[in-house]
Each structure stands twice: as C-alpha cells, then as structure tokens.
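Following: one structure in structure tokens, then a few remarks.
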Amino acid sequence: MDQDWEDRVAAAWAAFDDRTDTGDDGAAFRAVIDALADELPADSPLGLFERACAWDSTGHSDRAVPLYREALARGLGEVSGYKGRRAKIQLSSSLRNTGHPQEGVKLLSSELVAPSDELDDAVRATLALCLSSMGRDREGLSLVLGALAPHLPRYQRSMAEYARLLVETED
C-alpha cells in the first residue's frame, strides 16, 4: 500500500496507545482498523495483519490467531519482511495465550537464525515465554539472558556464558 495508508495506520495505532479505557472492549478501535483494511484488496495480507493486531491488542488472541495465519499464508513476509516477522512474534504470543505454546516455539525457533533486525530480542522474549509455558524455564531463561547480555554496561561476556551454560548438556 502507499505511504499515506501506512501513515494513517500508524496514526490509528498512536491514538490507540494514547487512549484511555473507553469500556467498549476495543470495538471502536477495531472499527477504525477495519475501515483502513477495507481500503485494500480483499486478499491483501496487510489488511489481515492489521485486523489481527487490532484483535490481539484489544484482548482477543483467539480472534487474532486465524488472521495472523491467513496473513502469513497470503504472503505477508514477501510484502513486508518486517511485518511478516512481527506477525510470527505476535502469532506465537497469541498461541501461547490460547494454550498452544508448542506451536509458538516451532514458529519462532526458525527466527533465531533469520537475518538479524531490531525484532531479535522480541523473538527471544516471546520464545522464552512459550518455552516457560511448556515447563522449559531454563531454556527460556537462557534466551532472555542471551538477549539481555549485549545491552548491559558490564558483564556481557559472563552473562552470555551463563546463558549458554543453562542449556549446555553435560557429557
């Protein structure tokens, strides 16, 4: 879509982030996103993605899951690699919230070796939550420590080593 549409979507999200609880279960916000998505061709993965995000952000992970899946199936990652990666992160989180963390682990594990971008830490944090929901807390903690280590003013090497040792198997 064009930059004007992207700007209007960004403005809608900025307004959502700034709004106070209106008590409408997010229906008014979802209507804004639906109107924007309706401007796109019916098979656009971008519209599906924005609708999924709106359902997710208003507390309806169950409604978001099929929309994220469809957006990805319709080629969201080819239209926007960044939004495709966001969809995988958000879908994994929603899967966890709906009792299917193992699907989130499967989806995000391949993202650990994907080209690096600003979403790397979000991938690791969401994957850690999914692992924890499966009772795999040491693996989750390892991912979080590994993601945190480069941001520390000191102790980067030791924290990275501790993260590795949490999941290293003994011979």
Practice problem: Could you point to the label whose value was computed as Cα extents along the principal axes in Å for the structure here, given (1) 58, 34, 32; (2) 47, 28, 25; (3) 57, 41, 22? | Solution: (1)
Self-check item: Of D17, D62, D137, the one that fluctuates the most in a GNM where the chain has Cα springs shorter than 10 Å
Solution: D17
Exercise. Go ahead and set up a Gaussian network model of the chain, Cα springs under 10 Å, then flag whichever of D56, D38, D24 fluctuates most.
Key: D24
Self-check item: For the range 96-101, Karplus couplings with θ = phi - 60° (6.51, -1.76, 1.60), whole Hz, Gly/Pro x
Solution: 4, 5, 9, x, 10, x
Quiz item: With springs only between Cα atoms under 10 Å, which of L152, L67, L112 fluctuates most in a Gaussian network model of the chain?
Solution: L152
Quiz item: Put R8, R30 in order of accessible area, largest first, 1.4 Å probe: what do you get?
Solution: R8, R30
Exercise. Within the range 82-171, list the GluC sites (Glu not before Pro) lying in a DSSP loop whose Cβ has at most 10 other Cβ atoms in a 10 Å radius.
Key: E118, E168, E170
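Pairs of alpha-carbon atoms within less than 8 angstrom and 6+ residues apart define the contacts here; what relative contact order does the chain have, in percent? Before the final figure, lay out the partial values.
Numbers: 190 pairs, mean separation 19.9, N = 171.
Relative contact order here is 12 percent.
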Quiz item: When only DSSP loop residues count, what trypsin sites (Lys or Arg not before Pro) in the range 72-171 have their Cβ near at most 10 other Cβ atoms within 10 Å?
Solution: R154
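At 1.4 Å probe radius, can you tell me the per residue accessible area of the range 71-161 in Å²?
Details: 5030 Å² over 91 residues.
That works out to 55 Å² per residue.
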Quiz item: Carbon and sulfur together cover what percent of the accessible area of the chain at a 1.4 Å probe radius?
Solution: 53
Quiz item: What accessible area, in Å² to the nearest ten, does a 1.4 Å probe give for V144?
Solution: 70
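Could you work out the helix-only [θ] at 222 nm for the chain, with each DSSP H run of four or more residues adding -39,500 (n - 2.57) and the total divided by the number of residues, to the nearest 500 deg cm²/dmol? Don't jump to the answer; show the numbers that get you there.
On the way: 10 runs with 122 residues, N = 171.
After summing the helix terms and dividing by the residues of the chain, the value is -22000 deg cm²/dmol.
The values are calculated or read from the model by the stated rules, or taken from the named source; none is laboratory data. Keep in mind that this is a model prediction, so the values were computed, not measured. Quick reminder, even Gly has a Cβ in these numbers, built from the backbone with ideal geometry, and neighbours come from all protein chains shown. Surface areas here come from the heavy atoms of the whole protein model, side chains and all, with no ligands, DNA or RNA. Shrake-Rupley method; radii C 1.70, N 1.55, O 1.52, S 1.80 Å.
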